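What follows is a single structure, written as structure tokens, with notes after it.
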Amino acid sequence: MLGWEYPPFLNGGLGVACAGLAAALSAHTRLTMVVPRTPEDHQPEGWELVGLEGKPLPALWESYPETVLEKLSKVHLRYLPVTLSGYERNPREPQVVEETQWYTIERQVHKNRLRRASRPFQLGALYGDDLWERVQEYTELVVQMVTPGQYDLIHAHDWMTFQAGLELKARFGLPLVLHVHSLEYDRGGPGSRGAVFQLERHALREADLILPVSQYTAEVIRDVYGVSLDKVRPVRNGIELAPAYRRPRPFPERLVVYLGRLTGQKGPAYFFEAARALLEQGAPVRFAIAGKGHMVEQLVEQAAEARLGHRIHFTGYLEPEAVRDLLAMADVYVMPSVSEPFGLSALEAAQMGVPCVLSRQSGVAEVLPGAEYVDYWDVPTMAQTIQALLEDETRREAVIRAQQQSLPHLGWEGAARQVVDAYQTLLT
Amino acid sequence: MPPVSLHFFGHQPYPLRAASIFDIGSGAPVVDRAASAARTEAQAAGCYRPGLELLERLIEAHGGRFQVAMTLTGPWMEQVTAHAPGLIRQVQRLAKTGQVSWLATPYHHSLSFVADRALFAAEMDRHEARLHGLTGQRPRLCVQPGYLYTNPMAYVLHQRGYVGCLVDGGPAFLKDRSPNWVYHGSHMPGLHLLVRDALHSDDLELRFGMDARAFSARLAARQGEVINLWLSLDWLGSHAHRAFLRDWVRDWLLHPEHSFVRPEDVIAAAGPGAPLDAPDYVSVRGPAHDLSPWLGNTLQKAFFDQLYELAAPVAGRKDLRAEWHALSDAQHLLAMGEPEGRGVSAYSHLMSLFADFHLRV
């Protein structure tokens, strides 16, 4: 199994899902998971976790003959600071190109050769500016690790690991299962067409089996990436059932919570607009926006401009325990995502007994029918629904009860069995 | 050659406690008392005590030839009284020498002049009263946080009986005029303006590392009525700075015509001077030398507005007034102007505190 995030090195739900699935799967199959970075002194029970941090990188460029280098030296590369990625960047600060840097490929090759020879693999940020380089290195190290006959099947999670999966399939003829937690379509918006999109499309077409986290994402794979649903089997995420608890609010107002990265994909701006609408009507409510991301400055500024900074609170990134504490105080949870393949934190909120207002454009809708659903762009309805859940005790109780009825069926065990069934179709 | 007028600005904002959404409704005081004590004790030991000792020794060593001006804000005096009372006696000994000029400033180091003239007057009164209690002297000049100044201030300050104000407005304000002359307010000849000699003050504050004799030579070459070297009192926290000051004062006074003077003496000796026009705020800070480092962005303006909306409700509440004033320190506004997310963090923190405070009001 090839993964990128693993607790505690998390950006979103990917690492949580990988860890949950791996633990449940290990009851059914032998399993090795390779991730760039693992916590120190941590080895899970019943399966093997391999971290690549510190492993020496192969010196791939050594073999270039001088004649090739000479030809390459005639090619000029021009680097421009352009944002083409759906991951966190700050598009509000366009960079002015003051000085164009020219490199010859020869210099670039030389640079790589030196770097390869002199340092071990290090991830740095999960999704840093050097992400592509890290993905290449991850791919090389994974391919180097595998010997023929060692594994029966490759299961790769999200695009960062797809290249390694493709390489293993090509070299050893191993069946390739792609697990799709999130697509460039979700992260970068429906119009995204960049290198990541290309890689995703290529890999999805080459894969033997695709496991998206929802029917919603299965349809995106069909409609946007042009892949037939024949080899697509949605496997919905599970949740580790933890004891729910409530925590008294220290303030008299009710509390409405947004939880997630502050990026366009997650729709925090719609949440803000709903909050503003309710506060301008004088609703006795506080709103918490928990998470970080490039939209934080814009949102904080809007809150300040509206003189609502004393009612709309930006908590920044919260540790998992703090997230649970916040949910334990919350009266309503809102997930206004523009495109959400699944939405694990909605399950977490439901589990904590918080009524949810969720975007229809999300996968979690398929497993949590009891929650309230709105279109992310329909701010008036979102505000009305929040208000109804705050004021209408009967409706509120009904939603909490309906949500909780879905939860027992959402353990990772069910997801693991679906995955094993899917493996069987490839191995027989 | 002009005399030197040294001025030290002493301020230490009340440290605010950490706060997040989990604390709203806690009703806890906004000031972190423990941090206030710890910081004051550390600053007293490393900066204020040795710094004031040095000034005392210089006054002793050079008779009437070494004089200095000093501004101590309300939070400085309060925290020092509470956590380093020995310093108060040092301040009183300095006052007794008669060689120190004490300046008036808004008691809480706030921008109350910008927000509300009545609050401003109350803060100036309170500062004067406390300063008088401490030093037995009445200030004759005044200074605002960040050396802020604007035309309407001239009238207000003149009405209050001050003879001058310390200002700094950068090159756009001074145009091609020298800071080494004494100016006065636009249409206000009664209110003199002393201008910070940015070049030489920054030599000490930002580009420190000069030889004492070379510095004297640079100053001796100036023309005018005064060289205004204005520094933060914290500047005296460095051993190297104190050593430099000791050496340079001795070096400067080797020449019989060199002297140190207090701002009021500069004004008394000055010629008629020219007016300086400040239709907008000028200050020591930022590339534009204006109000923008404090109130340049939306976060700062929002916090400022929302805070001053509470001024009236808090006025009658003895239990809340001091805390409201602690929030009004101009230093907190500066923090919200910082780049790279630090301003946003500062705003989020302040608004959590403010929301908690708001509930108590």
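Miscellaneous remarks
- Extension gain (nm, one decimal) between B:D202 and B:H187, 0.36 nm per residue minus Cα-Cα: 2.4 nm
- Förster-model FRET efficiency, 45 Å R0, A:D378 and A:E240, C-beta, rounded to 0.05: 0.90
- If you plug the beta carbon distance of A:V420 and A:D208 into 1/(1 + (r/R0)^6) with R0 = 25 Å, you get a FRET efficiency near 0.95.
- For chain B, the longest principal axis of the alpha carbon atoms and the long axis of helix B:298-309 meet at an angle near 80°.
- Prolate/oblate/rounded label for the range A:335-413 (Cα gyration tensor, a/c 1.5): oblate
- Within the range B:65-87, backbone nitrogen closer than 17 Å to the virtual label 7 Å beyond the Cα of B:Q137 toward Cβ: B:65-74, B:77
- Net charge dipole, the protein assembly as shown: roughly 1420 debye, given to the nearest 20, about the Cα centre with Cβ charges of +1 for Lys and Arg and -1 for Asp and Glu.
- Residue-count net charge about A:L52 - beta-carbon cut-off 12 Å; Lys, Arg +1, Asp, Glu -1: 0
- Heavy-atom accessible surface of the range A:254-410: percent carbon and sulfur, 1.4 Å: 49 percent
- Given charges at beta-carbon only (K, R positive; D, E negative), |dipole| of the range B:4-276 in Debye: 360 debye
- Interface residues of the range A:312-345, defined as a loss of at least 50 Å² in heavy-atom accessible area between the chain alone and the complex of all protein chains with a 1.4 Å probe, are A:H313.
- Loop-located trypsin sites (Lys or Arg not before Pro) in the range B:274-361 whose Cβ has at most 15 other Cβ within 10 Å (DSSP): B:R317
- Around the amide H of B:L191, modelled in the peptide plane, lie the amide H atoms of B:G185, all under 5 Å away and 5 or more residues distant in sequence or on another chain.
- Remark on A:M335: its backbone amide H falls under 5 Å from those of A:V357, A:L358, A:S359, a criterion applied only to residues 5 or more positions apart or on other chains, H modelled at 1.01 Å from N.
- At most 11 other Cβ within 10 Å, DSSP loop - GluC sites (Glu not before Pro), the range B:212-292: B:E257
- Given a 1.4 Å probe and the protein chains as shown, B:C47 ends up with an accessible area of around 0 Å².
- DSSP beta bridges in chain A [antiparallel fraction, %, rounded to 5]: 15 percent
- Per-residue [θ]222 nm for chain A (sum of -39500 (n - 2.57) over DSSP H runs n ≥ 4, rounded to 500): -12500 deg cm²/dmol
- Span from the the range A:374-428 Cα centroid across to the the range B:156-226 one, whole angstrom: 68 Å
- Degrees, to the nearest 10: B:239-253 long Cα axis against longest axis of chain B: 30 degrees
- Nitroxide proxy distance, nm - points 7 Å out along Cα→Cβ at B:L254 and A:E413: 9.1 nm
- Between B:L193, B:Q159, B:P256, the Cα set farthest toward the positive side of the dipole of chain B (charges on each charged residue's Cβ, about the Cα centre) is that of B:P256.
- Residues in the range B:13-49 occluded by at least 40 Å² - accessible area, probe radius 1.4 Å, against chain by itself: B:I21, B:F22, B:I24
- Linear extension gain, B:D280 paired with B:S178, 0.36 nm per residue minus alpha-carbon span: 34.7 nm
- The B:E338 and B:Y155 beta-carbon pair, evaluated with R₀ = 35 Å, returns a calculated FRET efficiency of approximately 0.55.
- Rough spin-label spacing in nm, given labels placed 7 Å along Cα→Cβ, for A:R171 and A:S406: 4.2 nm
- Computed from backbone phi with θ = phi - 60° and the Karplus coefficients 6.51, -1.76 and 1.60, the 3J(HN,Hα) list for the range B:105-111 is 7, x, 3, 9, 6, 9, 9 Hz; x is used for glycine and proline.
- For chain B, the longest principal axis of the C-alpha atoms and the axis of helix B:318-327 are separated by about 60°.
- Positive minus negative residues near B:A44 (Lys, Arg vs Asp, Glu; Cβ under 13 Å): 0
- In a fully extended conformation the segment linking A:Q281 and A:E397 would gain 39.3 nm over its present Cα-Cα distance, using 0.36 nm per residue.
- Placed amide H near A:R286: partners under 5 Å, 5+ positions off or other chain: A:R254, A:L255, A:V256
- Remark: the protein assembly as shown carries 42 Å² of accessible area per residue (probe radius 1.4 Å; ligands, DNA and RNA excluded).
- Residues in the range B:148-153 carry Karplus couplings, in order, of 5, 7, 8, 3, x, 5 Hz; the curve used is 6.51 cos²θ - 1.76 cosθ + 1.60 with θ = phi - 60°, and Gly or Pro positions show x.
- Inter-probe distance in nm under a simple model that places probes 7 Å from Cα toward Cβ, at A:A27 and A:V143: 3.8 nm
- Summing Cβ point charges (Lys, Arg +1; Asp, Glu -1) relative to the Cα centre of chain A gives a dipole of roughly 320 debye.
The values are calculated or read from the model by the stated rules, or taken from the named source; none is laboratory data. All values derive from a computational prediction rather than experimental measurement. Quick reminder, even Gly has a Cβ in these numbers, built from the backbone with ideal geometry, and neighbours come from all protein chains shown. Remember, those area values only see protein heavy atoms, side chains included, never the ligands or the DNA or RNA. Shrake-Rupley method; radii C 1.70, N 1.55, O 1.52, S 1.80 Å.
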